Structures are given as structure tokens and as C-alpha cells.
Amino acid sequence: MKDETQQPLELLPPPTPRRRTDAVLLLGFTAVALLLRLPNIQESLWLDELHTAWVVQGGLEEMPRRAAIGNHSPIYFLLPWLSVQVFGLNELALRLPSLIAGTALVPGVYLVARRLSGSPLAAFVAASLATFDSDFLYFSSEARQYACVQLVALGQVAALWRVLQGGGWRWRTVWILLTALLFYLHYTAVLLVVAEVVFVVALIPFRAWQAGRLKNFAMDVSAAALLMLPAAWHLLEIADRRVNWQQFITSPDSLASWQLFPLAAYLLVPVLLTYGYLFLQKLTGVARPLQGTSPKLVPILFCLCWLLVPLAVAYFTTRFEIAALWMHRYVMASAAAVMVLASLLAAFPKQLPLRIVFGGLTLLAAIGWAGPHWSLIEFGVPRPPRSENWRDAVALIGGDAEAGEWPVLLCPVLIEADGLPENPEDKPLREYCLLPVRSIYPVEPQRIAIPLPTQRPGNISDADFARIGSPRGVWIITRGRPENATYRVNSILKSLRRAGMKPQKTTTHTFGGVRVVR
């Protein structure tokens, strides 16, 4: 007799075979996704991407230390390091891993929706949303790990679903390894595991689980936790600095602030249509609305857990000041859940004509509300350009012959920079805070560069004043909102005046969110 732990979990739809049409659709979606992601690929890197460039430039020996300063594991940075070895240090090479992962996300979403629903129509809807989603477009052309997090999260979800459908130890091993990889790509992605545990617990009252299955799942979670254990010390160090994140992360205080994902754009129409469908069935007495629908309800419950549990954890940890996690990128492992959930709701009716209507209305509402055409109209590219043009900002300084020897005072608005006043000669910290003018966009010719703290940018140490000397002028670089940048510049100028310098004339240049003052 076959082991009961290898049997499909009750209440779940059986696996559905893929057809030739699936391959055609996958190829089409992948091609369109790639074309939409290419226009923004060679933009100037912004600050967080400059950290990636700085980590990669350090080589394999420096990579763990430089990644840790930015509160990351070194795992992701191996990918851009490899592409830089092949294509050189440039924007395309640094963003290539994200471009590949972000493009692969689209067929990945198709396959996951197909697996959960068994419906080609649902898979088509989900892949369409993923193709045109603004956030997916953004992270696909960014030299950070979030497109990779999304792709690995999709694989991890698919592996768990395959285990529930009767997959054996091979699929369990895949789930364990992908869970550990997801964690090391970004530590907060572990919230996806919390969501899956909640889903498992939610199924217990339905007697869908047997003792052997629960034991195996607990063992798999424990095995994944053991693989995460080496990062414990780094996590404790990050936890000691968690108050720093409260400078720019606040808990949601309005309904609009819950829009970390396009919940209204993607879910409002399919939710209303599904509710109306069930209500009319009940009203007309044609059928009991939920009778025999468990193969559809359980995948919907799974997607709800996948989407809402990480959001709830991020909300409450931020609200009660345990850890400031209420930020878009910290719950990125759940981004695809919105699209898959919308597709499952669109495919909920039994009648094919109704499913087609539901799917079409879902796509029209979602793409019409939050599609790339708005950006194409305003900017001429599928998603708005990045707000920080460090490439041109640094080039301005290097191209000014008259000010060629002037020192650079840099306030990069990094949360770690507030440690500078207490550790003014901390060389690794100073190197990190100077990365905007020392990595892929170095100031040429080389000159004195002074990193400044974020909260008190005018707090310049005596040693740094000695480094500045008595030049004819200085450059000040900062970033952020105009009012914040103005405050920082004025604070720095006041500090220079108190030290006896008398700046007579200033010229300001803005490059998106980057401000350069001569």
C-alpha cells in the first residue's frame, strides 16, 4: 500500500497536465515581458543600487563584509558579480540578474496560477497582470534582489503545493532548499513561511491533514530553520539597529497606506463579480453556491494566506515598534499572490462564458487602472524613470575644470551614516557612506570626500575640517525631498560658516532626487 503521506491532500484540486497552448502562451508572455522591461535598463543607478555596485566591486573576499554593512546576506550579490565578470561594470551587467528573474516571473506566475486553478483562463489572467504590473517592471530593471526574491518565492510556493498534491521527498527537499535560499536573498522573505504555516493550521479543522503529513511538514520547517541558523548572529546585529528603520518607515494610518500592492486595482472587480455570482446563485436557488467548490476555495484560501499574513505581520511589528517592516520591498515575496488570487476569482464560475467575461473585466479594470500606458503617455517608457540620477550628478562635478580640486561633502541619507559622529574614523563605515562617489560613478579626478550623517548633517568633525583645509570652494551633495535636501544643505553651510569659511555664492543643480550645490 502506498504511504499515506504521498497521497494528495484532501480538498485540493488534482494536478492538471499542460498542453501545447501553454507553451505558446508562455513564449508570448515572456517575449512581451522582456520588451517592456528593456527601456529602463540603462538608467542611472540610484542609491540602493549603488550599494550593489560597491559590494560587487569589492570582489569575493570583500563581498560578505560589504553586504553585511547594508544588512544583507552575500548570496544575491554573487549573481551581479558573475554578470560583471562577463560584461564589465555597467548598469546593464548589474541589472541583468533582475532582468532575467523579472522576465521569468511572468511564465512563473502563469504556471503557478495554472497549478492552483487547473484553468488556462486563470493562468492567462495572472500572466497578463504580471506582464504589465508596474512594480514587476520596476524591480525587473533594478540592481537589487527583489525580482529574484519574487521568482524564488514563486518556486517555493509551487513546491509546497506539489507536496500537498502528493509529491514525495524530492519535492519536500526542493521546498526546504528554496525556503533557505529565499531567506538568504532577503531575510524578511521568511514571512512567506509564516503564511504557509498559517495555511496548514487553517486546514486542520477540515481534517484534511493526517498525523504523518503534519509531522513531515514540521520536519521540513525545522530543516529549513537549521539552514537559516548561520545567519542568526547577523540578524541579532540588525535587530540591535532596528530603531534606525523608524526614521523612514511608519505604520499605516489610512486606507491608502495599505496599498503596498495594487489590491484595489487587481482585486476589487473580481471580488465584486464573484460575490455577485454567488449571491445570484443563492437568490435564484439554482444551486447551493459553495457546494462542491472546495477545489476552488482551498487555493483561494492559500493565496489569501500568502498575501495577507506577511502584510499583517509587517503591520503589527511596525505598529508596536517590534521591527519596522511596513515597506513594499520587505513583503515582496507576496507580490505575485495578488495576481494569482485575482485570476482564481475570475475563473470561479463553472460556466466558461462567465469565466471569460470575469477574466476580461478583471484585466480591463486592472490594466486600465494601473497599467503601463499612463507612464508611456507621460514619460514615453513603460514605467516612470528613477528619481535619482547619480551618474549625471557626479559627472557634473568631474566636468567642472574650475572646481576640479574642491572637496566633496556628501550626505547620502543612509541610516547607517548617523554612526559617523560617534565613530568619525571608522574606515569601513566611511567607505560605505561614500559609495555614491567611489563605486561605479567615481568623482574624477580623485579628491577629498567627506561623508556626513543624516540626522545632523552639519556635525562635521575637527579631523574632517582639517581634511577640507582652506579651498576656494566645496561641493555639497545630498538627496531626498526638496525640503529635506534644502535643510541639509543649509545645515552644512552653517557649519562651514562657524568654522570660519564664508561661502559667498552657491549654485544648485538637481538631478531628480539628487541635489548638487557648488
> Which lysines have a Cα less than 30 Å from the Cα of Lys215, not counting those fewer than 8 places away in the same chain?
Replying inline: Lys2, Lys296
> How high is the FRET efficiency from Thr173 to Val194, r the C-beta distance, R0 22 Å, rounded to 0.05?
Replying inline: 0.55
> How far is helix 352-370 tilted, in degrees, relative to the longest principal axis of the Cα atoms in the chain, given as a value from 0 to 90 rounded to the nearest 10?
Replying inline: 10 degrees
> aspartates and glutamates near Lys494 by alpha-carbon distance under 16 Å, same-chain residues fewer than 8 away left out - which ones?
Replying inline: Asp462, Asp464
>> I want to make sure I understand the PRE zone here: with the label point 7 angstrom from the Cα of Arg242 toward its beta carbon, which residues in the range 295-316 have backbone N atoms less than 18 Å away?
In response: 310-316
>> Whole angstrom only: what separates the Cα centroid of the range 379-405 from the Cα centroid of the range 217-236?
In response: 43 Å
> How much net charge surrounds Leu307 when only other residues with a Cβ under 15 Å from its Cβ are counted (Lys, Arg +1; Asp, Glu -1)?
Replying inline: -3
> Is the range 432-518 rounded, prolate or oblate when judged by the Cα gyration tensor, a ≥ b ≥ c being the square roots of its eigenvalues, rounded requiring a/c under 1.5 and prolate requiring a/b larger than b/c?
Replying inline: rounded
>> Taking 0.36 nm per residue of sequence separation and subtracting the Cα-Cα distance, how much length would be gained by fully extending the chain between Ser257 and Ala68, in nm to one decimal?
In response: 65.1 nm
>> Probe radius 1.4 Å, ligands and nucleic acids ignored: give me the carbon and sulfur share of the accessible area of the range 340-403 as a rounded percent.
In response: 68 percent
> Given Thr478, Tyr315, Phe132, which one lies farthest toward the positive end of the charge dipole of the chain, if we put +1 on the Cβ of every Lys and Arg and -1 on the Cβ of every Asp and Glu?
Replying inline: Phe132
>> Ordering Trp81, Trp326, Trp169 by accessible area with a probe of 1.4 Å, largest first, what comes out?
In response: Trp169, Trp81, Trp326
>> What does the extension gain come out to for Ala395 and Trp374, with contour length at 0.36 nm per residue minus their alpha carbon separation?
In response: 4.5 nm
> Which FRET efficiency value, to the nearest 0.05, do you get for Met327 and Thr284 by plugging their Cβ-Cβ distance into 1/(1 + (r/R0)^6) with R0 = 41 Å?
Replying inline: 0.35
>> So the label point goes 7 Å from the Cα of Gln42 along Cα→C-beta, right? Which residues of the range 92-111 then have their backbone N under 19 Å from it?
In response: 92-100
>> Using only Cα atoms and rounding to the nearest 10 degrees, what angle (0 to 90) does helix 59-69 make with the longest principal axis of the chain?
In response: 90 degrees
> Counting Lys +1, Arg +1, Asp -1, Glu -1, what net charge surrounds Asp220 among other residues with beta carbon under 14 Å of its beta carbon?
Replying inline: +4
>> If you fit an axis through the alpha-carbon atoms of helix 146-164 and take the longest principal axis of the Cα set of the chain, what angle between them do you get, 0 to 90°, nearest 10?
In response: 20 degrees
> What is the packing order of peptides 52-62, 120-130, taking the mean over residues of other C-beta atoms within 10 Å and listing the highest first?
Replying inline: 120-130, 52-62
>> Full-extension gain between Leu364 and Leu227, please, as 0.36 nm times their residue separation minus the C-alpha to C-alpha distance.
In response: 45.0 nm
> Given a Förster radius of 22 Å and the C-beta distance between Glu61 and His234 as r, what FRET efficiency does 1/(1 + (r/R0)^6) yield to the nearest 0.05?
Replying inline: 0.80
>> Between (1) 23.2, 75; (2) 25.7, 89; (3) 28.3, 110, which entry matches Rg and Dmax of the Cα atoms in Å as derived from the coordinates of this structure?
In response: (2)
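The values are calculated or read from the model by the stated rules, or taken from the named source; none is laboratory data. Given the structure is predicted, the values throughout are model-derived calculations rather than measurements. Counting neighbours? That spans all protein chains shown, and the Cβs are built from the backbone with ideal geometry, glycine included. Note: accessible area is taken over every heavy atom of the protein model, side chains too, but ligands, DNA and RNA are not part of it. Shrake-Rupley method; radii C 1.70, N 1.55, O 1.52, S 1.80 Å.
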